[in-house]
1. Report, by residue number, each residue of the range B:118-142 that is closer than 18 Å to residue B:197 by Cβ and assigned to a helix (DSSP H, G or I).
2. Please specify each residue of the range A:1-28 satisfying the condition of being without any contact (Cβ under 8 Å) to a residue 24 or more places away in the chain and within 19 Å of residue A:336 (Cβ to Cβ).
3. Which residue is nearest to residue A:29 (Cα to Cα), if the candidates are limited to the range A:131-153 and must be assigned to a loop (DSSP other than H, G, I, E, B) and without any contact (Cβ under 8 Å) to a residue 40 or more places away in the chain?
4. If you check A:63, A:25, A:29, A:2, which single one turns out to be surrounded by fewer than 16 Cβ atoms within 10 Å (Cβ to Cβ) and either touching a strand residue (DSSP E or B) at 6+ places or on another chain (Cβ under 7 Å) or within 14 Å of chain B (Cβ to nearest Cβ) (or both)?
5. Given the residues B:296, B:242, which is the only one that is touching a strand residue (DSSP E or B) at 6+ places or on another chain (Cβ under 6 Å), touching a residue at least 40 places away in the same chain (Cβ under 8 Å), more than 20 Å from residue A:371 (Cα to Cα) and away from chain A (no Cβ under 14 Å)?
6. Looking at the range B:22-49, which of its residues are within 24 Å of residue B:165 (Cβ to Cβ), in contact with a helix residue (DSSP H, G or I) (Cβ under 7 Å, 6 or more places away or on another chain) and not in a helix (DSSP H, G or I)?
7. For the range A:337-350, does any single residue satisfy the condition of being assigned to a helix (DSSP H, G or I), farther than 22 Å from residue A:400 by Cα and within 19 Å of the chain's Cα centre (by Cα)?
């Protein structure tokens, strides 16, 4: 059997498995209604959100059209702030660069990063002989289960408290009861024992303001603050499509992300522009103070600049990964992240999967799953026309299959 | 990657059939026109009722799905085109037999709906004709990314429309209305036919005719808005206008309606039939929760995919026809 056919068959088998998995459907039904309610409340409390989202659509168009220029501006700003900036053309480049910074035999703690999933960062760093810990609770669970994420914002939505108790009991060698507050406290204690031992903290980025070189990180758990602030070295892996022109623009994008993810105000928003520093003694600037001594920013291309030049498919890059569409998608509602590639899900995710590293053969079964029903477009803050994009992606697939 | 991309087998089947037969399921053009026999619809005129062969194909989709289940992951190199019949033959299935069997009861239902659609227009004094050898719009070709074949099909369709002197298309199905209104202009220069979805033509004609609409007995209905009609074409008010004007008809809205309607699952039926089935079941549950006696819809694919479960499904065309107090269609 050919490799592309094997990929298709594996995907199909997993989809069928997912639709019959009771944990997947239970987790989904809980998440869907909770998310819908939260999102509705947020929209009611902040009635300007739809208008703000329209503006963010224009900002995203502008960012994608001026990608090369924004990469230059952001790099210059970050360097000015004392960060080291790298441009990774491919996933392999990103892994090599990060691998060189980290080395081996280190302890690495990581905040949630989709780009990290995209390039396979955890496995790579573990392969170099490092101890790696995901610190987002859902990703921590995902790491223990050795599986891919199920959603952008809620990667382990299908895992029950009983399963978590089992995983923790196994990890710690002592009985952990299936009691959610106890489980969370147990994970907290475990991770806190790691933050202060860690040599390197990793993060992704929700938005990067080019004019100030500021990385926005949105979270509730406090794990990103710990991961990016406690270890002496912070490495941020940033997909270049995340760049906004100005700090003001970045705030708008960030607000739309968290509101459409269902949060009135995320508990923490970190804005990181460089390594820590002080000029408190004689006004002489010294890099490295209480926070990290070094900030390394890896700007990840991995197909993005090519996709940004595509007159039709570039629209997929407008996606801000709020995940609102996924909970509404009739297919996703039954399959969760099995309808997707290793990092990106659903219809838009099939385009990102095709052009950001994984390749068309990985995207074929995902692209042909989409119903083109346009419900996602209806809830998308930036109104991505998935139906049009999917027809176009299928057209590219057909052309490639024939040549 | 040196291996060729793997494409779902249904693509080859619909490609082959459309080029050979003019429609994706390989129906002979006389089969597509069976419904119109005896109705004496003119076959030439400025305004046509365009069925797009979709109702005609619907009863055969299940057989296609059965055949496809057998060919799943069989070797289907794209260069080797196989018609449905030859594929079916290789797997020990007599495709004509399944077709006849599946087509039996079902195709009668769809033919009746087609007859009603025409008789309703006549009753509402809408002038229309039905083209001899009407061609398929190519909607599925576009949907599956077969743009080259779609472009060719669109050209054939436009040539036929021009040759017959057509100016206005009453598109019976949402898929064909969408494809004409929104996709043909991207593939065909100066595509300047007037296109009206059937429901819009009916709503307009009803207003003009000022006719009384009434069902013989009280009926509660819920409306399943087809995605293509409600979201792609943004037609959500016309079906309601018509249905609400019918005496004895109580319309109960489902929670996810109009622009937030939920797909019936039909689009992935030929590739992931199990998923399609589950999406349909979920939608059926929502429609049943309204407590309505039946759900009315306006798309043959929605009709077919939602049928066969705990829910009674009727076509908008059937309801309007009945509400006009019309006699049996004689099919």
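1. Within the range B:118-142, B:118, B:120, B:121, B:139, B:142 meet the criteria.
2. A:10, A:13, A:16, A:20, A:22
3. Going through the qualifying residues, I end up with A:147.
4. On the way: A:63 fails: surrounded by fewer than 16 Cβ atoms within 10 Å (Cβ to Cβ); A:25 fails: surrounded by fewer than 16 Cβ atoms within 10 Å (Cβ to Cβ); A:2 fails: surrounded by fewer than 16 Cβ atoms within 10 Å (Cβ to Cβ).
One residue alone meets the criteria, A:29.
5. The conditions single out B:296.
6. B:22, B:23, B:39, B:41, B:49
7. Here is the first cut: in the range A:337-350, the residues assigned to a helix (DSSP H, G or I) are A:337-338, A:346-350.
Pick out the ones that are also farther than 22 Å from residue A:400 by Cα and you get A:337-338.
Checking the rest, the ones that are also within 19 Å of the chain's Cα centre (by Cα) come to A:337-338.
There is at least one residue in the range A:337-350 that is assigned to a helix (DSSP H, G or I), farther than 22 Å from residue A:400 by Cα and within 19 Å of the chain's Cα centre (by Cα).
So that you can scan it fast, the table gives a plain yes or no per residue for (1) away from every other protein chain (no Cβ under 12 Å); (2) part of a loop (DSSP other than H, G, I, E, B); (3) closer than 22 Å to residue A:379 by Cβ; (4) more than 15 Å from the chain's Cα centre (by Cα):
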position: B:253; (1), (2), (3), (4): yes, yes, yes, yes
position: B:259; (1), (2), (3), (4): no, no, yes, yes
position: B:263; (1), (2), (3), (4): no, yes, yes, no
position: B:270; (1), (2), (3), (4): no, yes, no, yes
position: B:279; (1), (2), (3), (4): no, no, yes, yes
position: B:282; (1), (2), (3), (4): no, no, yes, yes
position: B:292; (1), (2), (3), (4): yes, yes, no, yes
position: B:305; (1), (2), (3), (4): no, no, no, no
position: B:311; (1), (2), (3), (4): yes, yes, no, yes
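The values are calculated or read from the model by the stated rules, or taken from the named source; none is laboratory data. This one's a predicted model, so the numbers in the text were calculated from it and none came from an experiment. Every residue, glycine among them, receives a Cβ derived from its backbone with ideal geometry; neighbour counts consider all protein chains shown.
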